[in-house]
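Working notes, structure below.
The values are calculated or read from the model by the stated rules, or taken from the named source; none is laboratory data. These figures come from a predicted structure and were not determined experimentally. Cβ placement follows ideal geometry from the backbone for every residue including glycine, while neighbour counts extend to all protein chains displayed.
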Amino acid sequence: DKKIFIAPAMNGRMWENQSNKENLKKLVDFGYEIIGPEAGDMACGEFGMGKMSEPATIINHINNYFKKLENNKKFKALVTAGPTHEYLDPVRFITNKSSGKQGYEIARSLIENGFDTTLISGPTNLSPVKGVNLIKIKSADEMLNATLSNLPTDVAIFSAAVADFKVKDKKSEKIKKNKFSELNLEKNTDILGHISNHNSLRPKLVVGFAAETTSLKNNSLKKLSEKNCDWIIANDVSRDDIGFESDFNQVSIFYKNNSEENLPRMRKSSLANEIVNRIISQLN
Ligand code: CTP
């Protein structure tokens, strides 16, 4: 679905009204392109920011928008999202608090921008994103296999909170509580690290996430280099007002060239648009 909002003519003070500003921001959060308003003489006789854009400007803007979509259609994107479930037996598993929202929003923004998008998702409560090739998996091993079989792509965004460990000897019958001895754990493959460091199919642009509770910058820079990423998007998962289960996020982006961007707290949908805009600039 293409989302364009043509700002109607309104007095500048109406445009500046708080509720109007918030409504406009909502449209931006939903992924709308906004055309206008512009500064000029208004029908009420005043001069200010409230004039509807000229028809030629609107047509030009719409043409550019569709050109951008057409151009992005040549790009393939892969996104991992959500938690993984590592089963001990048929009814118990190891997992984490990831909701998958950020990854689903990134997939939504990619498809809205014309990318051929595959989303490999662990178990979540989220609805599929229209147009996105959704592959549902449960374990980290399944996520790794699904990722490998969907390469090559131009860009891969690894937003999944993959469980770091799995159980060595998963039981096919429910383990009786008096039979629980020690759990033998083994490390899951680092999907991002594996694809970025060892795979001939490494996407041109590899974006990792870092979920941290301490030393955000140092840990993120370590992941940037060890996992051979182009960018690491880092967030502090100890905060309740952003991250895992929230609709909001606040991140810093660490780039391979040592630069860093600190973005303000915003809706996950807006952050997804910000990330995808940067991906488009990088790929073009
Ligand atoms: N990741 C992955 N496969 C794993 C573990 C992590 O692809 N088995 C990816 C995540 O999707 C994310 C990045 O690696 O893009 C960092 O994940 P994070 O959980 O922050 O770090 P870990 O590598 O698990 O390290 P630690 O738990 O020690 O912080």
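Does S225 fit the bill of being under 30 Å from M266 (Cα atoms), under 20 Å from the mean Cα position of the chain (by Cα), outside any loop (DSSP other than H, G, I, E, B) and within 13 Å of the ligand (Cβ to nearest atom)?
no
Please return the ranges of strands (runs of 3 or more DSSP E) entirely within region 126-187 where 2 or more residues are of a type in the set (S, T, N, Q), modelled with pLDDT of 95 or more and more than 10 Å from the ligand (Cβ to nearest atom).
none
Take the conditions under 19 Å from the mean Cα position of the chain (by Cα) and either of a type in the set (K, R) or more than 8 Å from the ligand (Cβ to nearest atom) (or both) and apply them to D247. Does it pass?
The answer is yes for D247.
When you look at S215, is it free of Cβ contacts under 8 Å to residues at least 12 places away in the same chain and over 29 Å from R92 (Cβ atoms), yes or no?
Criteria met by S215.
For the subset of region 210-220 comprising residues that are within 17 Å of N257 (Cα to Cα) and near the ligand (Cβ under 9 Å from one of its atoms), which member is surrounded by the most Cβ atoms within 10 Å (Cβ to Cβ)? Can you show your working first?
So in region 210-220, the residues within 17 Å of N257 (Cα to Cα) come out as 217-220.
Narrowing the set further to residues that are near the ligand (Cβ under 9 Å from one of its atoms) leaves 219-220.
Working: N219: 16, S220: 25.
By that ranking, first place goes to S220.
Anything in region 119-144 that is surrounded by 24 or more Cβ atoms within 10 Å (Cβ to Cβ) and of a type in the set (S, T, Y)? List them, or say none.
S121
In this structure, is K177 out of contact with any helix residue (DSSP H, G or I) (no Cβ under 7 Å at 6 or more places or on another chain), loosely packed, with under 15 Cβ neighbours inside 10 Å, closer than 28 Å to P152 by Cα and of a type in the set (K, R)?
No: the conditions fail for K177.
Can you find a residue in region 12-26 that is among the acidic types (D, E) and in contact (Cβ under 8 Å) with a residue 40 or more places away in the chain? Give the derivation first.
In the first step, residues of region 12-26 are kept if they are among the acidic types (D, E); the result is 16, 22.
This time we only want the ones that are in contact (Cβ under 8 Å) with a residue 40 or more places away in the chain, so: none.
There is no residue in region 12-26 that is among the acidic types (D, E) and in contact (Cβ under 8 Å) with a residue 40 or more places away in the chain.
For region 194-207, state whether one or more residues are assigned to a loop (DSSP other than H, G, I, E, B), crowded, with 16+ Cβ neighbours inside 10 Å, on the phi < 0 side of the Ramachandran plot and within 11 Å of the ligand (Cβ to nearest atom).
Within region 194-207, not a single residue is assigned to a loop (DSSP other than H, G, I, E, B), crowded, with 16+ Cβ neighbours inside 10 Å, on the phi < 0 side of the Ramachandran plot and within 11 Å of the ligand (Cβ to nearest atom).
Which residue is nearest to K217 (Cα to Cα), if the candidates are limited to region 245-256 and must be crowded, with 20+ Cβ neighbours inside 10 Å and of a type in the set (A, V, I, L, M, F, W, C)?
F254
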